[in-house]
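The values are calculated or read from the model by the stated rules, or taken from the named source; none is laboratory data. Everything quoted here is computed from the prediction, not taken from an experiment. Here Cβ is always computed from backbone atoms with ideal geometry, including for glycine, and neighbour counts include all displayed protein chains. Surface accessibility is based on the protein's heavy atoms, side chains included, excluding ligands, DNA and RNA. Shrake-Rupley method; radii C 1.70, N 1.55, O 1.52, S 1.80 Å.
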Amino acid sequence: MLAHPFVVKALSGTIPFRLVPIGSDQFGGFLLAIVIGITAIAASLPLGILLALGRRSDMFLVKTLSVGFIEFIRGVPLITLLFTASLLLAYFLPPGTNFDLILRVIILAALFSAAYIAEVVRGGLAALPRGQYEAADALGLDYWQAQRLIIMPQALKISIPGIVSTFIGLFKDTTLVSFVGLLDPLRGVTQIVRADINWKGIYWEPYIFVGVIFFLICFGMSRYSMYLERKLKTDHR
Amino acid sequence: MAEAQKQMQVSDEIAIDIRQMNKWFGTFHVLRDINMTVNRGERIVICGPSGSGKSTLIRCINRLEEHQSGHIVVDGTELTSDLKNIDKVRSEVGMVFQHFNLFPHLTILENLTLAPIWVRKTPKREAEETAMYFLEKVKIPEQALKYPGQLSGGQQQRVAIARSLCMKPRIMLFDEPTSALDPEMIKEVLDTMIELAEDGMTMICVTHEMGFRPGGGEPGDLHGSGPDRRTERAERVLLEPAVRPDQAVPQPDPRPLTCAARHLHACRFSGPVPLQPRSTCPARPIAFWWSRPKS
Ligand SMILES: Nc1ncnc2c1ncn2[C@@H]1O[C@H](COP(=O)(O)OP(=O)(O)O)[C@@H](O)[C@H]1O
Ligand SMILES: [Mg+2]
C-alpha cells in the first residue's frame with residue numbers, strides 16, 4: 001500500500017499498518033486532486049472570511065494588509081504562484097528545510113482561493129442591511145458575537161453560490177499542479193497514453209474519463225450548494 | 001463624601017442626562033447644544049420634521065452614534081469611548097427600530113433568547129421561559145417557532161419590542177416604531193407600547209407624526225415653506241396639543257430641546273398620567289397615545 005509521508009506519519013501512530021512512505025513526486029492521480037482540493041477548500045473558507053472582515057475593518061493596518069493581500073493574489077496567475085511555491089520558496093527558506101512540495105501547493109491554492117472567497121463574502125456582507133448590525137449592537141452583543149451569530153450566518157448564506165463557484169474553480173485548478181512536477185490526473189493519463197501503443201486511435205478516451213469524473217465531482221458540489229440554499233431559506237417571502 | 005452621596009441619589013432618579021451635547025456628521029452640525037433630562041418612569045415623545053436629527057439624538061443614547069462634545073449619562077453610566085460602559089448601557093437600554101430589524105435567519109424564539117443567552121449568560125431554559133412570557137405579553141405566543149418573514153409587520157414590531165424586553169431593560173427607545181406599518185397594524189403596536197408605559201417603563205419615542213397639532217391644523221403644515229415658519233409652527237404644536245376642547249388638556253412641559261441648527265423638539269409629559277388610547281383618531285398615534293383620559 002502506498003501513501004504520502006503525512007498520511008503515513010498520521011496513521012502509523014494510531015493504526016499499526018505497514019505503510020510505505022512515498023515522496024511528493026510519486027503521489028498522484030485523483031487522490032492528489034482530491035487531497036489538494038479538499039484541504040485547500042477547508043482552509044480557504046475561514047481565511048477568506050477573516051480577509052473579508054479585515055477589508056471592512058476600521059483598523060487601518062488590518063484593512064491595508066487585507067486589501068493588499070487580496071489584490072495581489074487576484075492579480076497574479078495561479079501558475080505563477082505555483083512556480084513560486086515550487087522554486088522560489090526553496091531559495092528563501094533556510095537551506096535544509098524540507099518543506100514538502102504538496103504542502104506548499106496546498107498552502108498556495110488555499111491562499112489563492114481565500115482571496116476570491118474574501119471578495120465573495122464581502123459581497124454578502126455588503127448585501128446585509130445596516131439594521132442587522134445596529135440591532136446586534138443595540139442588544140449589547142460584542143463584535144465577534146455579532147459576526148458569528150447574526151452577520152456571518154446571513155452573509156454566508158447569500159454568498160453560497162459564489163463560494164461554491166470559487167471552490168469548483170479551485171478544484172479544477174488542481175490540474176495545474178502538473179506544471180510543477182506533481183502527478184495530477186491529466187498528467188497521469190498523458191503518461192499512460194504516450195507509453196502504451198494500445199491507446200493509439202482512442203487516446204481521447206482516458207481524457208474523457210477524467211473529464212467525466214471532474215464533472216461529476218463539480219456537479220455534485222453545485223447540487224449540494226443548491227440543496228443548502230433551499231434548506232437555509234428562512235425568509236418565506 | 002456627602003456630596004457624592006447626594007449626587008448618587010440624584011442620579012438614582014435621573015434615567016438619562018444629556019448636557020451640552022453636540023454631534024456632527026463630518027462638517028454637518030446635526031445636534032447643537034442638546035440639554036435633556038429624563039427621569040425614571042417618564043415617557044417622552046420627540047417629534048420634529050424629517051431630517052431634523054430625532055433618530056440621531058436617540059441613537060446617541062445607546063451609542064449607535066458617537067457624540068463629539070458634551071456629556072450623556074445613561075443610568076449613571078457616562079457614555080465615553082470606553083467599550084465597557086457602552087456595553088453596559090446597551091444592555092440596559094432597549095431599542096425598537098422603524099424597520100424592526102429582526103434577525104431573519106432565526107426563529108422568533110431564537111430572536112428573543114439570543115441576547116439574554118450570549119450577553120446576560122442566562123441559561124437557555126430560563127431565557128426561553130422569559131421569551132415566552134414576553135411573547136404572551138405582546139400577544140403572539142403562538143408564533144414562537146416561526147421565522148420573522150412569516151409574520152405581518154405589526155407582529156414583527158411586537159416581536160422586536162419583546163426582544164428588547166427580554167433583556168429586562170430599564171429604558172426603552174423607540175425610533176418611529178409605527179412609521180413602517182399599515183394603519184390597521186399601528187394600533188396593535190401602540191397598544192403594546194401603552195401597556196409598557198403603564199408598567200412604568202422609562203420610554204423615549206421618536207416620531208415625525210405631529211399628533212400634537214393645534215386644533216384643525218394639519219401635520220403637513222410643519223413642512224411648510226421657510227425654516228422660521230417651521231419653528232414657529234412646531235413651537236405652537238408643542239404648546240397646544242391636539243385634544244378636543246371637551247377633553248382634559250395634558251400639560252406638556254414647554255421646554256423644547258435646544259437645537260438651533262434644525263428644529264428638533266421634545267414634548268415632556270410627566271406626572272401620574274395614566275395613558276389611554278384615544279380611539280377617535282387611529283391615524284394619529286402620538287396624540288392618541290399621550291392624551292389624558294377624560295375625568
Ligand atoms: N450616517 C450619517 N452620515 C451623514 N449624515 C447623516 C447620517 N445619518 C443622518 N445624517 C443626516 O443627519 C440629519 C438627521 O438625520 P436623522 O437623525 O435620521 O433625522 P430624523 O430621524 O429626524 O429624520 C439628516 O439631515 C441626515 O441626512
Ligand atoms: Mg429618523
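Rg/Rh for region B:24-172: what does it come to with C-alpha atoms and Rh from Kirkwood?
Result for region B:24-172 is an Rg/Rh of 1.00.
Can you give me the long-range amide H partners of B:Ile171? Hydrogens built in the peptide plane at 1.01 Å from N, cutoff under 5 Å, separation of 5 or more residues or another chain.
Amide H to amide H, under 5 Å and 5 or more residues apart or across chains, B:Ile171 pairs with B:Gly94.
When you take every Cα atom in region A:121-227, what is the radius of gyration, and what is Dmax, the widest Cα pair distance, in Å?
Calculated on Cα positions, Rg and Dmax stand at 22.1, 73 Å.
Any chance you could tell me what percent of the C-alpha pair distances in region A:100-181 go past 19 Å?
50
Within the P(r) computed for region A:171-237, what percentage of the Cα pairs occupies the region above 19 Å?
Counting pairs separated by more than 19 Å, the tail of P(r) holds 52 percent.
Run the reach check for B:Lys137 against lysines, Cα to Cα strictly under 27 Å, same-chain hits fewer than 8 apart removed. What comes back?
Cα-Cα hits under 27 Å: B:Lys88, B:Lys121, B:Lys124, B:Lys146, B:Lys168, B:Lys187, B:Lys294.
Counting only residues 5 or more places away or on other chains, whose amide H sits under 5 Å from the amide H of B:Trp24 once H atoms are built in the peptide plane?
B:Val30, B:Gln68
Roughly how much of B:Glu126 is accessible, in Å² to the nearest 10, using a 1.4 Å probe?
100
Among the lysines, which fall within straight-line cross-link reach of A:Lys63, defined as a Cα-Cα distance under 25 Å, with same-chain neighbours fewer than 8 residues apart omitted?
A:Lys157, B:Lys84
Are there residues in region A:124-141 whose accessible area shrinks by at least 10 Å² when all protein chains are included rather than the chain by itself, and which are they (probe 1.4 Å, ligands and nucleic acids not counted)?
Going by heavy-atom accessible area, the residues of region A:124-141 that drop by at least 10 Å² are A:Arg130, A:Gly131, A:Gln132, A:Glu134, A:Ala135, A:Asp137, A:Ala138, A:Leu139, A:Gly140, A:Leu141.
Could you name every residue in region B:143-165 that has 50 Å² or more less accessible surface in the full protein assembly than in its own chain alone (probe 1.4 Å, ligands and nucleic acids excluded)?
B:Gly149
For a Förster distance of 56 Å, can you work out the FRET efficiency between the beta-carbons of B:Ser50 and A:Thr80, rounded to the nearest 0.05?
0.55
In region A:195-236, which residues become less accessible by 40 Å² or more once every protein chain is in place, relative to the chain on its own, using a 1.4 Å probe?
Output list: A:Thr234, A:His236.
Could you tell me what percent of the accessible area of region A:39-167 is made up of carbon and sulfur, with a 1.4 Å probe and every protein chain present?
With neighbouring chains kept in place, the figure for region A:39-167 is 72 percent.
How many square angstrom of accessible surface are buried between A and B, both sides summed, with a 1.4 Å probe and rounding to 100?
In total, this chain pair buries about 2000 Å².
Taking 7 Å along the Cα-to-C-beta vector as the label spot, tell me the B:Ile14-B:Ser81 distance in nanometres, rounded to one decimal.
Result: 2.5 nm between the two label points.
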